[in-house]
């Protein structure tokens, strides 16, 4: 049986997002109960996020390609991550991140939601950064 033919309730996903020339993209890969797994591709020229937090959601980020720089309140650097580095962010912790090199940042995002916490899934401490994205035709991450 091929991995893509896993029986229910199992889910199998392939990390193969398109690369971007500008902005960022997000793709959800799989969900199981409170666990959510997705991948984001961030361009080196402005695909960054704004300072925000997710109450009731613990998360982990793993760099698959490129480099990431994570920040917290006051633009203090939390970590500079290379390929295969992981950072965990407890629920409610303010952060933002950006690509830290001249290549696309491909980053796996894993979250677990606390079902007992209701309300706002995201708190923005700075206005969201809305930049147009430009996908590079025919270019995909091949991990």
Once you've got the GNM for the chain with C-alpha springs shorter than 10 Å, pick whichever of 60, 76, 91 has the biggest mean-square fluctuation. 76
Work out, step by step, the length gained on full extension between residue 123 and residue 139: first 0.36 nm times the residue separation, then minus their alpha carbon distance; give nm to one decimal. 2.4 nm
So, relative contact order of the stretch 22-115 in percent, Cα under 8 Å, 6 or more apart, is 39 percent
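Values in this text are rule-based calculations from the coordinates and carry no lab data. A quick note: this is a predicted structure, and the numbers were derived from the prediction, not measured.
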